[in-house]
1. Using a Förster distance of 22 angstrom, determine the FRET efficiency expected from the C-beta separation of ASP83 and LEU48, and round it to 0.05.
2. Using just the Cα positions, wrap the stretch 77-145 in a convex hull and report its mean projected area in square nanometres, one decimal place.
3. Hey, rough spin-label estimate for SER76 and SER17, points 7 angstrom out along Cα→Cβ, what's it come to in nanometres?
4. Out of these labelled values of semi-axes √(5λ) of the Cα gyration tensor in Å, (1) 50, 21, 18; (2) 25, 20, 14; (3) 46, 19, 13, which was calculated from the coordinates shown here?
5. What is the gain in length, in nm to one decimal, between TRP96 and THR4 on full extension, counting 0.36 nm per residue of separation less the C-alpha to C-alpha distance?
6. Add -39500 (n - 2.57) for each DSSP H run of 4 or more in the chain, then divide by its residues: what number comes out at 222 nm, to the nearest 500 deg cm²/dmol?
7. Using a Förster distance of 30 angstrom, determine the FRET efficiency expected from the C-beta separation of LYS68 and GLU127, and round it to 0.05.
Amino acid sequence: MTTTLKSCRVPWDVSASPGVTLVHQEGEVAPECKVAFCGSRLGAGDLLDMVQVQITFHAAWHARVAPKFDQSDIESEGFEVPDANIGGTAGDYLEWRQTAWREQGVCPDASFYVATRSDWLETMPKETTSRSRHYVVCGRDGYAEILAEGFSWRELGMSGEDGLYREGEGVE
């Protein structure tokens, strides 16, 4: 069985630059996991603005990471992402992505996913995962998988520019 993913509805994406960092720690009530990375968001004139993004996963009992070849997408690691498979050339994909991002206000393929079907989640003990979802954050050279009950995110401009701080709750 293949793990099937759909893109989470966020206004940024995980940039192709290296440096996805995962910190998994015990919390006061339940463990939490934070993933930080350089991302981008669609700015004026369809230009991409660089931002720092931190996702906090709540009640994150399990996390794991794996390497991936930097020229490969997440499908090459055995995942399936049907919504991002539009066919055609790389240029067709980029045009589709930019247009959909502008029209919807969220990145249609943010390299941040939630599983609609998960082998890993099915094998985990229900005591710690009964309300969990399987999330995947895909960077350039690797990816992180987290089993958590939900997430929130915050974004800050690369140099802390005025008014460039936003945050939000998880939307899948």
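Values in this text are rule-based calculations from the coordinates and carry no lab data. Owing to the predicted nature of the structure, the values given are computational and were not obtained by experimental measurement. Positions of Cβ are generated from backbone atoms using ideal geometry, with glycine treated the same way; all protein chains shown enter the neighbour counts.
1. The pair ASP83/LEU48 has a calculated efficiency of 0.60.
2. One quarter of the hull surface, i.e. the mean projection, equals 5.9 nm².
3. According to this spin-label approximation, the distance is 2.2 nm.
4. Structure-derived value, by its label: (2).
5. Fully extending the segment from TRP96 to THR4 adds 31.0 nm.
6. Details: 3 runs with 24 residues, N = 172.
So the helix-based figure for the chain works out to -3500 deg cm²/dmol.
7. 0.45
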